[in-house]
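Peer 1: Quick one: the structure is below, and I'll ask about it shortly.
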Amino acid sequence: MGRTLTILGLESSCDDTAAAVVRQTDGQVPAILSSVVFGQTELHAEFGGVVPEIAARAHAEKIDICVKQALEQAKLALADIDAIAVTAGPGLIGGVLSGVMCAKGLSAGSGKPLIGVNHLAGHALTPRLTDQIAFPYLMLLVSGGHCQFLLVKGPEDFTRLGGTIDDAPGEAFDKTARLLGLPQPGGPSVEAEAVNGDPKRFRFPRPMLDREGCDMSFSGLKTALLRARDQVVAEKGGLTLQDRADLAAGFQAAIRDVLVEKTRRALILYLAENPTQPTVAVAGGVAANKAIRAGIETVSAENGVQFTAPPLALCTDNAAMIAYAGLERFRLGHRDDMTLTARPRWPLDKRAPALLGSGKKGAKA
């Protein structure tokens, strides 16, 4: 029998407070023993988006309750845990800090090792947790705050092939929902609205398809949708339900087409590595969108590459992915101490140049 590791994970990078326990014996399939997530949708609903101060306060109030429930569901005590993994960035600094301080307290009180985890690595390694896919694989990490193609060669070896130079798709979905008067979070709302819409009625731009490479841009789509909406309102005096559905469908189709074409280009770079088991994986909240999943799955099949996507509950923010990423790092001998800091920005590929729009404080991802 190989060594068995049991890891407690904490996640608080945005608006979901989460804790989970993951266990794996070397050479065997990992098991999620518990996963608790407290969402904050109702707290932010009237503001049309996540308010960092409100989010941070909610994390501080809920994180210890999450940990208690996760241990109870796993039928374990803190003494049964081998290590404590926590999201140390990137994310809203108040929320990240809440998780890091809680993890430090648990580590100091129990004597258990502490492991800081990059939130993006949690998403990027989720297909290893759910499907045990082999390195290297191509990852499209597409969420509310991030969008990038990663060549994943190991638990701490990520090469960025391209990414968004401005808005992430999830951010664009949220802004579109606000423009159309749909509830937050915007991704599920726009997707549901698009079901009854005609994606061909409004022809939105497909940014950066005329440029080589895998970089993307989504901010112009929001502007194009705003203009289309205003034109309809000016002509009709308002939006009908069908107008709104058609706008949502056209917007979603534009996002899908960009991601599909850029995936096709990323595949060329990935397959040049001659992987023995070529696989494309998607993760992140926007990966829950069925139209986008179907598009990526189709382009993968066209290139003879396996496609995998985590269950919907593991696409959005959760602590099981943090526990598993911590487990992979722990197995490699990584440990942190009380100097672990919360980081608002933390790129996975430190060798890649910062993308445009990353700000004076450095690259986001």
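The values are calculated or read from the model by the stated rules, or taken from the named source; none is laboratory data. From a predicted model like this one, the values you see are computed outputs, not experimental measurements. Because the Cβ atoms are built from the backbone with ideal geometry, glycine has one as well, and the counts that use them run over all protein chains shown. Accessible surface areas use protein heavy atoms only, side chains included; no ligands, DNA or RNA. Shrake-Rupley method; radii C 1.70, N 1.55, O 1.52, S 1.80 Å.
Peer 1: I'd like the carbon and sulfur percentage of the solvent accessible area for the stretch 1-84, probe radius 1.4 Å, heavy atoms only, ligands and nucleic acids excluded.
Peer 2: 52 percent
Peer 1: Using the heavy atoms of the protein chains alone and a 1.4 angstrom probe, what is the accessible area of the stretch 240-358 per residue in square angstrom?
Peer 2: Computed with neighbouring chains in place, this is 42 Å² per residue.
Peer 1: I would also like to ask the following. Would you mind checking which residues have amide H under 5 Å from PHE307's amide H? H placed 1.01 Å from N; only 5 or more apart, or other chain.
Peer 2: HN-HN under 5 Å from PHE307: VAL280.
Peer 1: Put +1 on the Cβ of each Lys and Arg and -1 on the Cβ of each Asp and Glu in the stretch 1-98; which of THR17, ALA45, ALA79 then has its Cα farthest toward the positive end of the dipole?
Peer 2: Most positive-ward Cα: ALA79.
Peer 1: To continue, here is another question. Given 0.36 nm per residue, what is the gain on full extension from ARG264 to THR276 after removing their alpha carbon distance, in nm?
Peer 2: Additional length available on full extension: 2.4 nm.
Peer 1: Let me ask another. Return the tail of the calculated pair distribution for the stretch 72-112, meaning the percent of Cα-Cα pairs more than 12 Å apart.
Peer 2: 60 percent
Peer 1: Here's a follow-up. Please build a GNM for the chain, connecting alpha carbons under 10 Å apart, and tell me which residue among GLY144, GLY154, GLY186 fluctuates the most.
Peer 2: In this elastic network of the chain, the residue with the biggest mean-square fluctuation among GLY144, GLY154, GLY186 is GLY154.
Peer 1: A further question follows. Set the Förster distance to 30 Å, then compute FRET efficiency between ALA234 and GLU212 from the Cβ-Cβ distance, nearest 0.05.
Peer 2: My answer for the efficiency is 0.20.
Peer 1: Write down the percent of antiparallel bridges among all DSSP beta bridges whose residues are both part of the chain, to the nearest 5.
Peer 2: On the way: 29 of 46 bridges.
Expressed as a percentage, antiparallel bridges in the chain total about 65.
Peer 1: Mind running the shape call on the stretch 38-181? Use the C-alpha gyration tensor, a ≥ b ≥ c as the square roots of the eigenvalues: rounded below 1.5 for a/c, prolate if a/b tops b/c, oblate otherwise. Working shown, then result.
Peer 2: On the way: a/c = 2.14, a/b = 1.15, b/c = 1.86.
Oblate, because a/c is 1.5 or more while a/b does not exceed b/c.
Peer 1: If each residue of separation counts as 0.36 nm, what is the full-extension length gain between MET338 and ASN303 once their alpha-carbon separation is subtracted? Mind showing how you got there, number by number?
Peer 2: On the way: separation 35, 0.36 × 35 = 12.60 nm, distance 4.68 nm.
Full extension from MET338 to ASN303 adds 7.9 nm.
Peer 1: Mean Kyte-Doolittle of at least -1.0 and a Cα length of 24 Å or more along the axis: which whole DSSP H helices of the chain meet both?
Peer 2: Membrane-span-like by this rule: 52-74, 93-110, 219-236, 241-271.
Peer 1: Hey, another quick one. Among all stretches of the chain without exposed trypsin sites (Lys or Arg not before Pro) (DSSP loop, at most 15 other Cβ atoms within 10 Å), which one is longest?
Peer 2: With a cap of 15 other Cβ atoms within 10 Å, the longest stretch comes to 76-199.
Peer 1: For the stretch 55-137, with every protein chain kept in place, what is the accessible area per residue (1.4 Å probe, Å²)?
Peer 2: On the way: 2870 Å² over 83 residues.
On a per-residue basis, the stretch 55-137 sits at 35 Å².
Peer 1: What is the distance in Å between the Cα centres of the stretch 57-82 and the stretch 25-43?
Peer 2: Comparing the Cα centres of the stretch 57-82 and the stretch 25-43, I get a distance of 11 Å.
Peer 1: Could you size up the charge dipole of the chain around its Cα centre, putting +1 on the beta carbon of Lys and Arg and -1 on that of Asp and Glu, and report it in debye to the nearest 20? Walk me through the intermediate numbers first.
Peer 2: Numbers: 39 positive and 39 negative charges, 109 e Å.
Charge dipole of the chain: 520 debye, to the nearest 20.
Peer 1: Further, regarding this structure: Which label marks the calculated value of Cα extents along the principal axes in Å, given the options (1) 73, 53, 34; (2) 67, 49, 38; (3) 64, 53, 36?
Peer 2: Of the labelled values, this structure produces (2).
Peer 1: I've got another one for you. With each run of n ≥ 4 DSSP H residues scored as -39500 (n - 2.57), what mean residue ellipticity at 222 nm is computed for the chain after dividing by its residue count and rounding to the nearest 500 deg cm²/dmol?
Peer 2: Working: 11 runs with 156 residues, N = 365.
After summing the helix terms and dividing by residue count, I get -14000 deg cm²/dmol.
Peer 1: May I pose another question? Ignoring ligands, DNA and RNA, what percent of the 1.4 Å accessible area of the stretch 235-365 is carbon and sulfur?
Peer 2: 55 percent
Peer 1: Let me ask something else. By its C-alpha gyration tensor, with a ≥ b ≥ c as the square roots of the eigenvalues, how is the stretch 93-168 shaped: rounded for a/c under 1.5, else prolate for a/b larger than b/c, else oblate?
Peer 2: Here the stretch 93-168 falls in the oblate category.
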